[in-house]
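To start, the structure itself, in structure tokens.
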Amino acid sequence: MAFADKFGAGKHRFGMLIDLDKCTGCGACTVACMAENNIGVNYDETDKLRSIAWMRLYQVDNGKAFPETEVAFFPRPCLHCEGEHGHHTPCVSVCPATATDYDEETGIVSQIPTRCIGCRYCVAACPYHARSVNWFDVPWPGGMDRGLSPLVSPRMRGVVEKCTFCFHRYQQAKNKAFIDGGEIAEKDYQTACTQACPSGAIVFGDMRNPEHTITKLLAANPGAFRLLERLGTNNKVFYLTKRDWVRRLADNYLAHEKLPEVKAG
Amino acid sequence: MPMDDSRYWPQGTTRCKPIPFLIWMAFCLLLGGWAVHSATLCLWKGLNQTAMNDFFAFGVWIVVDLAIIALGAGAFFTGFMTYVLRRDELKNIINAAVIIGFICYSGAILMLGIDIGQPIRGWFGFWHANVHSMLTEVMFCITTYLIVLIIEFVPLVLENRQINKVPDLAFFAHHLHRIMIVFAATGTFLSFFHQGSLGGMFGVLYARPFAYRTGVAIWPWTFFLFILSAIASGPSFTTLMVMLTEKVSGRKLTTHKVKMMMGKVSGYLLTFYLILKGADTLYWANVTLPKMGVSFWDMYQSSYGIYLVWLELGLFGAVPAFLLLHRRVRESYGLLALAMILNCLGAVTNRFVFTIQPLAIPVLPFEKWQFYWPTIPEWGISFGVIAYGLIIFSLAYRYLPVFPQEVELNK
């Protein structure tokens, strides 16, 4: 079964593939994401339970002492779940005010900050902590507001926000394709994190389009896996690794369960 | 006497002198002032005044909300038994149940107004309603049920000795009483569903192993379990409040037979609930959790250990159920009160566990357990809701004919 077949009907199914063995943990993806999407910096960014990160970088290790210690990084954007076996996207189905929605055309989970009432039910529903609450008024000191992107609405205190797969870029690419009279080109719709990654660990594209790099890579790597697949969130962010211990950290397993065979990398 | 308010007391009753009552009110208002200060802080500066964070999206306010809504279920269930099942002896306690229900629901809505990050947009849940969300159903039902409770409360207010002298108001109150079965039935319907939806809210979180439950059609088992635990604890809470008022006022307000009946209802419902809850827990531990790759023991670690199960289902579950099923226990005022306290604590623990624990557990294997302890403003608002309840109930007891048997029992 092709990876794109995991998802429902729709013209596009945009997804991401992150090669964990290429990721150096430099954090360029997170910085690019913040600049692109007008994410502010709180007064106390050491409080990671309240800081806002659409793309969060988790550092993990194999738990062994030096010199056998190994480190890896899990870049985690919103995973744009679709849900399976009759479930909806975990967050979309719970929002009482329809402030987050699932776009059937692209498979992207949207967020409408001006409609969000701040009940935080979606935050409770998301097991990936991909959703951040604006616990503070984001400060934009000394003219920094002049650097804000006009394409993305800054969020107000009290609402929830998250990665949108740079949906504004999709809209721009769609406009361009309309004017040019063709389809959206792969290079015209790339997320900021993908473009910023210096080691090329992040690949983004339409999994329905056989010409897109992500489709080819997923076809060549049947061992590509997703975070917490067993929960049935059916998300669209895939990972690759050759390291068993990294693979095992992507999901929960009972003590007696063996790791599924990994053919990745 | 300038401060004499006895002409407002219910006919044939006596109440404490105004000074001690005013001191009591001042104490409650002081707690209320703390809540107002806390609410101002949260509304002015934001929810950063709380201990909530991106792990603990819900905090003590949601626990208190769920708990008081469960305990307030005495209103609709007693109303159902009184007006629909025609258990006439419960007419002696229905007024108290309605007042407690009103306090609990209005208190919960007040609290939610502070809890949401953008209170001014609270109405978006009605305007942009997502019909798939359990929370949408909760929002619709608790607001409409509050309206029903107000309609049920109004005739009682109009029966105040002085207000009742106005012929039109007396006429209105009398006729409102006569159609109360309609509202009792409506209240039962609404309340049943939102008690269930509050449980459903957690049961549908299929990506949160602690909360997720399988179920039937669109309803997870928590939907039904929350209804049952609410109607098992609600009558106990109503009775406890009556007992507390009796102790404070030194007056007998209902016969012990009425209290025993409420205890019996609680006991049977609690036993039925515990059987189903036990089956649910076994299925969850042995089938649902292993499918997600986690074990039952993974769910109880750190500060949220297995002791919570023993507390919720043992000390606050099986023990009060055992006690309430025994007639000799129900005949004893003290033991009945003790069993009812344990029963109510069980409902509170259940709501705490479902609200906080799913969020404390790291679902991603490389995250850590987190711990939540509320800040002073969070406590302030929580205690403020309790103070609000005490004020309303104290005023109602002092000035309204809440207990039909009071005059007879204190001759």
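Run down B:VAL98, B:VAL131 and say which single residue is more than 8 Å from every other protein chain (Cβ to nearest Cβ) and more than 20 Å from B:THR186 (Cβ to Cβ). Write out each step before concluding.
Details: B:VAL98 fails: more than 20 Å from B:THR186 (Cβ to Cβ).
Of B:VAL98, B:VAL131, the one residue that is more than 8 Å from every other protein chain (Cβ to nearest Cβ) and more than 20 Å from B:THR186 (Cβ to Cβ) is B:VAL131.
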Has region A:208-230 got any residue that is within 14 Å of chain B (Cβ to nearest Cβ) and more than 28 Å from A:ASN37 (Cβ to Cβ)?
yes
Would you mind finding the one in B:LEU71, B:LEU41, B:LEU47 that is within 14 Å of chain A (Cβ to nearest Cβ) and buried (at least 24 other Cβ atoms within 10 Å of the Cβ)?
B:LEU47
Please indicate, with yes or no, whether at least one residue in region B:319-338 is more than 24 Å from B:THR238 (Cβ to Cβ) and not polar (S, T, N, Q).
no
Given the condition more than 19 Å from the chain's Cα centre (by Cα) and touching a residue at least 60 places away in the same chain (Cβ under 8 Å), answer yes or no: does some residue in region B:169-180 qualify?
yes
Taking the condition of being within 24 Å of B:ILE231 (Cα to Cα) and buried (at least 17 other Cβ atoms within 10 Å of the Cβ), how many residues in region B:159-194 meet it?
11
Is it the case, given these coordinates, that B:GLU378 is within 14 Å of chain A (Cβ to nearest Cβ), among the acidic types (Asp, Glu), crowded, with 18+ Cβ neighbours inside 10 Å and under 19 Å from the mean Cα position of the chain (by Cα)?
yes
Regarding B:ILE62, is this residue crowded, with 24+ Cβ neighbours inside 10 Å, more than 15 Å from B:GLY380 (Cβ to Cβ), under 21 Å from the mean Cα position of the chain (by Cα) and free of Cβ contacts under 8 Å to residues at least 40 places away in the same chain?
no
Being touching a residue at least 60 places away in the same chain (Cβ under 8 Å) and within 7 Å of chain B (Cβ to nearest Cβ) is the filter here, so list the residues in region A:87-131 that pass it.
A:HIS87, A:PRO90, A:PRO127, A:TYR128, A:HIS129
Scan region B:328-349 residue by residue and report those that are buried (at least 18 other Cβ atoms within 10 Å of the Cβ) and more than 22 Å from the chain's Cα centre (by Cα).
B:VAL329, B:ARG330
Return a yes/no flag: does region B:261-278 have any residue that is assigned to a helix (DSSP H, G or I), at pLDDT 95 or above and more than 28 Å from B:GLY334 (Cα to Cα).
yes
Restricting attention to region B:320-339, report how many residues are part of a loop (DSSP other than H, G, I, E, B) and either under 19 Å from B:MET241 (Cα atoms) or touching a strand residue (DSSP E or B) at 6+ places or on another chain (Cβ under 6 Å) (or both).
1
Hey, any hits in region B:294-305 for a residue that's away from every other protein chain (no Cβ under 14 Å), out of contact with any Cys (no Cβ under 6 Å at 6 or more places or on another chain) and assigned to a helix (DSSP H, G or I)?
no
Pairs please, first residue from region B:116-128 and facing chain A (nearest Cβ under 7 Å), second anywhere and buried (at least 17 other Cβ atoms within 10 Å of the Cβ) and in a helix (DSSP H, G or I), Cβ atoms under 7 Å, 6+ apart in sequence or on different chains.
B:GLY117/B:LEU47; B:GLY125/B:THR136; B:GLY125/B:MET139
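The values are calculated or read from the model by the stated rules, or taken from the named source; none is laboratory data. Every value quoted in this text rests on a predicted model; they were computed, and no experiment measured them. Note: ideal-geometry Cβ built from the backbone for every residue, glycine included; neighbour counts use all protein chains shown.
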